[in-house]
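Note sheet for the following structure.
Please treat every number below as a calculation from the coordinates, not as lab data. In this text the structure is predicted, and so the values were computed from the model without any measurement. Positions of Cβ are generated from backbone atoms using ideal geometry, with glycine treated the same way; all protein chains shown enter the neighbour counts.
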Amino acid sequence: MKKTHTLAGLVLGTALLGAGLTSAFAADETLRSLAEKNGIYIGAILNSQWFGGGLPGNYEQIHKQQFNIVVAENEMKFDATEPQEGRFNYGNGDKMVKYAKQNGMRVRGHALAWHSQVPGWVEQKYGKNKKELLRVLKNHINNVVGHWKGQVDEWDVVNEAISNNEPQWRGFSVWYQGIGPEFIDSAFVWAHAADPKAELCYNDYNLEQGINPKAKAGFLLEQVKRWVKNGIPIHCVGSQTHVEDTTTDKHFIGSPDSLRSLAKELAKLNVKLKITELDIGFKSGINVSKSDLERQGQTFRQYLDIILEEPNADTYLIWGVSDKWSWLGGLNRQKGLIYDDNLKPKPAFDSIMVRLQTFEPPKDTAKKDTIVKDTTKKDTTVKDTTKKDTTVKDTTKKDTTDAIARIASRATVSAYVAGRTLFVTGLGSKTTAKVDLFDLQGRPVFSTQCENATVDLKNVPEGLYVVRISAGSTKTVQRLSIK
Ligand code: XIL
């Protein structure tokens, strides 16, 4: 149920564009409700401050209203769950699992085998001792995954095991140095044994930089092929997607299109692609303008397009809620999230919202509309190769990142502007059509029912727009310039 703008309400509508669009949406429409309609998960971490009760009440309110998947920022990591050998600490994780259950959210577990946030005792007691490290890692995975069996739906089993340049296995890792790369294969097998129904992911960053063998994702792809061939139970790749705004990072070589290529390659292997830690920051210290924030919104939307459009992609998870509580400062970045310091939605929030509202899956690809409701995941064993064939069969879908263009079907209806009047042609015997005008970020400017195939545009400011005309089952979308 969308609240629409009439021409008379246009002044209000354009004012809202400047102020953030939240109030232009129906009260019952949230990122979460729209994500569920589209069969995807949308989420944000619970920041560490939440666990200590150190956040304002509207943080949690927003979190549970807007998101349907959750992950702990730090509280399920090795150092949090097993700070001393064999002494497990599940308090914070339990708190999150309870919160997720109360609010009908899916739970991600993060992370089992990682080089970082490993407690000191592992290295001190067992560094370079292969046999002992195998025992320690296996025991950790057994206990942690076993504790949350049936409650944590998916795990980052291995995190960041690949180095950045000339990709190869990351050398500085207590697990790699003591065990060798087989710690990875083993971790997946142990996690699967501890909870055969959990979805198991390999998670890493810089995966949006191409899939050629010199890029990290290219190296990973070769490993995933091998794991699948060898019956290692890997079901998903998590792309952290901590990226920087294109204009401030001169070395930026990542792109949504590259990540989409990875999704398509993974589909051939029946492995999913998830975006697990998204943030799109600006360099610290620079002045971030309104148009910078709008461009950031477009990038957020382009990454969302992958999740909406690729059949084997189902999760869009942001590494934080508000810019006020974000790890990005430590990375020399700022303002990378979708709510500002005062927990007010930013243009990126609006872009995501509009995209979720207007997305219509192509008719020939039954999109994952069962994903959110499906809690009966299949039991795959190490040797099980019966996972569903989700290979992309539809090659008719274009890789365009123009969100609006996608919602058009072929139609003979079209529109043109003369002076300040919009004329709709090709309506045939139909006399009325619904006309929606969007700005180039996909944000609604107004909506009206046009009679007699004309719409008065005299209140519309000059500029470039996208118009959508719906007449019966026919829809058309095109760009318009109003002068
Ligand atoms: C970060 C947390 O946000 C920080 O609070 C913590 O100090 C360090 O870790 N990749 C990951 C996440 O997989 O676990 C990291 O989280 C961010 C990068």
Problem - Cα gyration tensor shape for the range 135-266, rounded if a/c is under 1.5, else prolate or oblate - result: prolate
Handout entry: At R0 = 30 Å, FRET efficiency that the Cβ-Cβ distance of T432 and K458 yields, to 0.05
Key = 0.90
Handout entry: the range 199-349 - percent relative contact order, Cα under 8 Å, separation 6 or more
Key = 22 percent
Handout entry: F446 long-range amide H proximity, modeled H, under 5 Å
Key = L437
Handout entry: Backbone HN-Hα couplings from phi across the range 218-224 [Karplus 6.51/-1.76/1.60, Hz, Gly and Pro as x]
Key = x, 4, 4, 4, 4, 5, 4
Completion exercise
Debye calc, one equal point scatterer per Cα of the range 38-358, no solvent, log10 I(q)/I(0) at q = 0.13, 0.16 1/Å comes to -0.96, -1.47
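On a full-extension model of 0.36 nm per residue, what is the gain between N230 and W169, subtracting their alpha-carbon distance, rounded to one decimal in nm? Before the final figure, lay out each step's value.
Values: separation 61, 0.36 × 61 = 21.96 nm, distance 1.88 nm.
This chain segment gains 20.1 nm when fully extended.
By its C-alpha gyration tensor, with a ≥ b ≥ c as the square roots of the eigenvalues, how is the range 271-323 shaped: rounded for a/c under 1.5, else prolate for a/b larger than b/c, else oblate?
On the way: a/c = 3.44, a/b = 2.02, b/c = 1.70.
The shape class here is prolate.
Suppose R0 equals 45 Å. What FRET efficiency, 1/(1 + (r/R0)^6) with r the Cβ-Cβ distance, do S414 and I286 give to the nearest 0.05?
Numbers: r = 42 Å, r/R0 = 0.94.
It comes out at approximately 0.60.
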Handout entry: Exposure proxy ranking, count of Cβ atoms within 10 Å, fewest first, for K283, K264
Key = K283, K264
Exercise for the section: Give the order of I179, I45 when sorted by the count of other beta carbons within 10 angstrom, beginning with the fewest. Expected result: I179, I45
Fill in the blank from the handout: Residues meeting the amide H criterion for I318 (H placed from the backbone, H to H distance under 5 Å, 5 or more places apart or on another chain) are G43, A44, I45, L278
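Length gain on complete extension for the stretch N139 to N74, per 0.36 nm per residue less the alpha carbon to alpha carbon distance? Each step should come with its number before you reach the end.
Details: separation 65, 0.36 × 65 = 23.40 nm, distance 2.00 nm.
That works out to 21.4 nm of additional length.
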Exercise for the section: Return a whole-number percent for the relative contact order of the range 38-358, with Cα pairs under 8 Å and 6 or more residues apart as the contact set. Expected result: 16 percent
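Distance check, please: which entries in K37/K335; K125/K283; K128/K229; K197/K268; K101/K128 exceed 31 angstrom between their Cα atoms? Please report the intermediate quantities before stating the final value.
Working: K37/K335 29 Å; K125/K283 40 Å; K128/K229 29 Å; K197/K268 22 Å; K101/K128 40 Å.
Table pairs above 31 Å Cα-Cα are K125/K283; K101/K128.
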Problem - Simple label model, 7 Å out from Cα along Cβ direction - Q357 to N212, nm - result: 4.1 nm
